[in-house]
1. Just checking, how many residues over the stretch 105-137 are within 19 Å of Ile66 (Cα to Cα) and open to solvent by 20 Å² or more (accessible area, probe 1.4 Å)?
2. If you take the residues of the stretch 222-248 that are among the small types (Gly, Ala, Ser) and in a helix (DSSP H, G or I), which of them is surrounded by the fewest Cβ atoms within 10 Å (Cβ to Cβ)?
3. Might you check whether a residue that is more than 19 Å from Ile47 (Cβ to Cβ) and free of Cβ contacts under 8 Å to residues at least 24 places away in the same chain occurs anywhere in the stretch 107-121?
4. Which of the residues spanning the stretch 320-334 are crowded, with 16+ Cβ neighbours inside 10 Å and on the phi < 0 side of the Ramachandran plot?
5. If I ask for residues that are more than 21 Å from the chain's Cα centre (by Cα), surrounded by fewer than 22 Cβ atoms within 10 Å (Cβ to Cβ) and either over 23 Å from Gly104 (Cβ atoms) or of a type in the set (Phe, Trp, Tyr) (or both), which ones from the stretch 39-77 would you list?
6. Could you give me the residue pairs with C-beta distances under 8 Å whose first residue belongs to the stretch 162-180 and is touching a residue at least 60 places away in the same chain (Cβ under 8 Å), whose second residue is of a type in the set (Phe, Trp, Tyr) and open to solvent by 30 Å² or more (accessible area, probe 1.4 Å) wherever it lies, and which are 6+ apart or on separate chains?
7. Any idea which of (1) at pLDDT below 95; (2) open to solvent by 20 Å² or more (accessible area, probe 1.4 Å) is the one Asn342 doesn't satisfy?
8. Assuming Arg266 fulfils every condition listed in (1) modelled with pLDDT under 95; (2) touching an Asp or Glu at 6+ places or on another chain (Cβ under 9 Å); (3) not aromatic (Phe, Trp, Tyr) apart from one, which condition is it?
Amino acid sequence: MEAVARATGSFVEPLVTTRSRAEITVRVTRRIEEVEQVWRGLSVGPIESPGQSYDFIRHWVSNRGISEEDQCYVVGEVDGQAVAILPLHRKRMFGLHVYTWFPGSQVGCYAPVADAERLAGMGASGLANLWRAMTRKLGGADLLFLRSMPAEVGGHKGLFDQLGTSLTTETLFRAAFSSWEQADSEQRSRSRRKHDRQQGDRLVALGKVEFEEVTDPAVAYQAVDVMFRQRSARFKAQNIRDPFVCDGLISFYRDALCPGSGIDVRIHTLRLDGDIVAVRYNIVHGERMFCLISSMAACERLQTGSPGKQNLLRVMQTVFDRGMRVFDMGAGFTDEKRHWCNVQVPLRQHYVALTPLGFAVGVAHRQYLALRVKAKASAGLKPRLRQLSQRIDHLLGRDKPKSDQL
């Protein structure tokens, strides 16, 4: 049984459970600066995503010009100590107002900024009380939609099980090793090493090959510009909408290179006779590196040497030799993830209805995503579902990147 008391004034809602006697309070603000100290305190240890980084989100909000009225930072406290923050962006999705994560599909996963150890000690009922108290403070929207949340955080499973209704739809891929020697011995078979060596030899036969973790800012900007040109060429060849250009995202990634951004960006390049033929754009937090964007030259002459895979091979050798323990390669299965990733984390979409309309749309969207999962294993169903997705996007006025479709 719960006793709930609403405080007058700004944004405090004590919620006391008779079982644990823990007092849960909730604070809400529209200004990111007001949660900076708490946010940094909660993210001192490992994070699951750049989407949990204060500097990354602060930079995103500033670069994208998101108004204060569409920002919402919900802080949950237990016995006066902050244990979780929900950093939320109110936007139009599915034809209604929705609270969701800020950078959308730009990072592999998301999760509340939280003290995982403290949450794990609260038990299922305590967590249910916490998430209910935090989401209860959301107004001005129909639905809370939290995409791509890991089923396990900080070695603890089920911390978000009580946060609305969820559906598992994706998998996050990571390489976690104590050294390059471990990564090499566990992930590369004899045939894999031979294949990598053959590709490397073919590339060397074309010219002088140089790998670099870029430290010169001027070179970093040049590499990022090349990366986006390579990505645009690939999107055009595949007849896919270029989200970086169409959504004006290039300035965000370029500006993140500035020393004052607070974001630790690492650029890795592979050059052939001085020309950049492959790029990886990574963000580092502690002992974890997150690869957000990769590219390679589309020149047919280079394909036998696979510059993208050769660049990744050297990245792996470099980062694990220099103290990285986790290399996050994002969601969605690819050949390179099959080769390198030894950790797979299920990702869930979470829904909390804030209005009856939000409830109905949330149910429909879960059913649609469940159908997408089935369609990936069905050659007949897949094209029909793609047509349905395109019709829905047209009706809702959304110009959705094809890379997000089936």
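The values are calculated or read from the model by the stated rules, or taken from the named source; none is laboratory data. Keep in mind that this is a model prediction, so the values were computed, not measured. We place every Cβ from the backbone using ideal geometry, glycine too, and count neighbours over all the protein chains shown. We work out accessible area using only protein heavy atoms, side chains counted, and drop any ligands, DNA or RNA first. Shrake-Rupley method; radii C 1.70, N 1.55, O 1.52, S 1.80 Å.
1. Qualifying residue count, the stretch 105-137: 2.
2. Out of the qualifying residues, it is Ala237.
3. Looking for residues that are more than 19 Å from Ile47 (Cβ to Cβ) and free of Cβ contacts under 8 Å to residues at least 24 places away in the same chain, one finds at least one in the stretch 107-121, hence yes.
4. The answer is Phe320, Met324, Arg325, Val326, Phe327, Asp328, Met329, Ala331.
5. The one that is more than 21 Å from the chain's Cα centre (by Cα), surrounded by fewer than 22 Cβ atoms within 10 Å (Cβ to Cβ) and either over 23 Å from Gly104 (Cβ atoms) or of a type in the set (Phe, Trp, Tyr) (or both): Glu77.
6. Close Cβ pairs (under 8 Å, with a partner that is of a type in the set (Phe, Trp, Tyr) and open to solvent by 30 Å² or more (accessible area, probe 1.4 Å)) amount to Thr171/Phe333; Phe173/Phe333.
7. For Asn342, the failing item is (1).
8. The single condition Arg266 does not satisfy is (1).
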